[in-house]
Amino acid sequence: MELLPEFVVRHAETPQEAARLLAGDAGARILAGGTGLVANMRLGLDAPSVLVSLDRVKGFRDVTELGGVLRLGAGVTLSRLATDADVGRWAPALAAAAATVAAPAHRSAATLGGNLCLDTRCVFYNQNETWRNSIGYCLKYRGDLCHVAPRGKRCHAAYSGDLAPVLLVLGAEVEIAGPGGVRRAPLGALYRDDGAQHLALARGEFLAAVLVPAARHGTRVAYRKARVRGAIDFPLAGVAVALEIEDGRVRDLRVALTGTNPCPLLLAGTGEFRGQAPDRALLDKVAKLVQRQASPQRTTVTSSNYRRQVAAAIARRVVSELAVPG
C-alpha cells in the first residue's frame with residue numbers, strides 16, 4: 001500500500017456546487033463512503049487533488065417514497081439499505097443483496113452510489129505500484145497492453161457491484177446531477193461496455209439518487225452470487241432474477257448479471273419465455289442464454305469458463321426457486 005497523496009476536501013452544500021467543483025478540476029472525485037476510492041488511492045491507482053463531499057447536500061442520505069417510487073439518495077449506506085423497513089418492504093431483494101456486500105464494517109461506510117459506481121476490477125490492475133510496474137502497466141492504467149487479451153485493444157476489467165443487477169431487474173432509474181442540472185435516465189444508461197471507462201458520466205456529473213418503482217403484484221425477485229470466500233470478496237459471478245408467474249406460465253422474466261462483464265448486464269431475449277411453463281426445458285434455455293451473453297475474461301483468480309458456468313447455474317437455480325408457489 002502507498003501513502004495517501006495530498007488532497008483537499010471540499011464540502012458541497014448543493015448538487016449545483018458539487019457539479020461545479022467536479023467540473024472545475026479534472027482531478028476531483030466524489031467522496032461518500034470512500035471504501036473503494038481510498039483503497040485505490042492507497043494502491044496508487046488514483047490520486048485526486050480534490051475530494052468533493054456530498055454529506056451536506058439535501059437528500060443525499062434520504063430514503064423517501066414519492067408517488068409510487070422509492071427514492072434512495074446515493075449516500076444511503078449499505079447497512080441502512082439492508083435494515084431499513086421501507087427498503088425491506090419495497091424491495092426486499094435489494095436489502096438482501098446489500099447485506100451480502102463485504103463485511104459489516106464496510107457496509108457501515110459504503111454507499112449505494114459507491115457500489116453502483118464501483119471501479120471495474122482485474123488481477124492485473126488491482127495491485128500495488130511495484131507489482132504493476134514489474135510486469136508493465138495495463139491498458140486500464142498507464143499502459144497500452146491488456147494482459148488479459150494481449151492481442152486486443154479493449155479493457156476487460158469486470159464490474160462487480162452487487163446492487164446493480166437487482167436494480168436492473170426492478171426497472172430502476174437514476175438521477176444524475178451535473179453542470180446542466182439533474183437528468184433522469186434508466187439505470188443501464190449509467191454504464192458502457194468498457195472496462196477502462198465503464199461509467200457514462202460527463203465531466204462534472206455524479207450519481208445523486210436511485211428511483212425504484214413498485215414491483216408488479218406477484219413479481220418475485222432474488223439475488224445470488226458466488227465468491228471465493230463468504231465475506232469481503234467481490235462476486236466472481238452474481239445473478240438477479242425477477243419472475244412473475246400467472247396461471248402456471250411465465251408472464252415476465254428478467255435476469256441481470258454482475259462480475260462477468262465490464263458493466264452490469266440485463267440479459268436480452270428473456271421476453272421469448274413469456275407464456276412458457278417454468279419447467280426443466282425453460283431452465284435449460286435460461287442457462288444457455290446466460291452462457292451466450294456473459295463474457296468473463298481472465299480477470300480473477302478463477303478461470304473465465306468457470307465463472308460463465310457458475311453464472312448459468314445460479315440463474316437456473318434462482319429461476320427454479322422463484323417459480324415455486326409461495
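The values are calculated or read from the model by the stated rules, or taken from the named source; none is laboratory data. Every value quoted in this text rests on a predicted model; they were computed, and no experiment measured them. Note that each Cβ is placed from the backbone with ideal geometry, even for glycine, and that neighbours are counted across all protein chains shown. Only protein heavy atoms, including side chains, enter the accessible area calculation; ligands, DNA and RNA are left aside. Shrake-Rupley method; radii C 1.70, N 1.55, O 1.52, S 1.80 Å.
Let a ≥ b ≥ c be the square roots of the eigenvalues of the Cα gyration tensor of the range 1-106; is it rounded (a/c under 1.5), or, if not, prolate (a/b larger than b/c) or oblate? Oblate is the answer for the range 1-106, as a/c is 1.5 or above yet b/c matches or exceeds a/b.
Relative contact order for the range 192-288 using alpha-carbon pairs under 8 Å, separation at least 6, rounded to a whole percent? Dividing the mean separation by the residue count of the range 192-288 yields 21 percent. Where only DSSP H runs of four or more residues are counted, the chain gives -8000 deg cm²/dmol as its mean residue ellipticity at 222 nm, each run worth -39500 (n - 2.57).
With every protein chain kept in place and ligands, DNA and RNA left out, what is the accessible area per residue of the chain? Probe 1.4 Å, answer in Å². Counting only protein heavy atoms, the per-residue value for the chain is 45 Å².
Of the peptides 141-151, 312-322, the order by per-residue mean of other Cβ atoms within 10 Å, starting with the highest, comes out as 312-322, 141-151. Share of carbon and sulfur in the accessible area of the chain stands at 52%, probe radius 1.4 Å.
May I ask for the angle, rounded to the nearest 10°, between helix 304-323 and the longest principal axis of the chain, with both axes built from Cα atoms and the value confined to 0 to 90°? Around 50 degrees separate the two axes.
Taking all Cα pairs closer than 8 Å and separated by 6 or more residues, the relative contact order of the chain comes to 16 percent.
The charge dipole of the chain, taken about the Cα centre with unit charges on the Cβ atoms of Lys, Arg (+1) and Asp, Glu (-1), comes to about 880 debye, rounded to the nearest 20.
Distance between the pseudo-spin-label points of Trp131 and Val69 (7 Å out from Cα toward the beta carbon): 4.2 nm.
If you sort the three axes of the alpha carbon gyration tensor as a ≥ b ≥ c, you get a/c of 1.5 or more for the range 106-199 and a/b above b/c, which makes it prolate.
Here Val8 and Asp233 are evaluated by their C-beta separation; at R0 = 22 Å the FRET efficiency comes out at 0.10. Computed over the range 1-122, relative contact order equals 25 percent, with contacts defined as Cα pairs under 8 Å that lie 6+ residues apart. In the range 119-188, taking the dipole from charged Cβ atoms about the Cα centre, the farthest positive-side position among Ala177, Leu163, Asn128 is held by Asn128. Count charges around Ala97 for me, please; just the other residues with Cβ under 10 Å from its Cβ, Lys/Arg as +1, Asp/Glu as -1. In short, +1.
Between helix 280-293 and the chain there is an angle of about 20 degrees, using the helix long axis and the longest principal axis of the Cα atoms.
Sorting 59-70, 152-163, 44-55 by average packing, meaning the other beta carbons within 10 Å per residue, from highest down gives 152-163, 44-55, 59-70. The overall shape of the range 196-259 is oblate: from the C-alpha gyration tensor, with semi-axes ordered a ≥ b ≥ c, the ratio a/c is 1.5 or greater and a/b is no larger than b/c.
Enumerate lysine pairs in the chain that are 8 or more residues apart or on different chains, then count those whose Cα atoms are under 26 Å apart. Pairs that pass both the separation and distance tests number 4.
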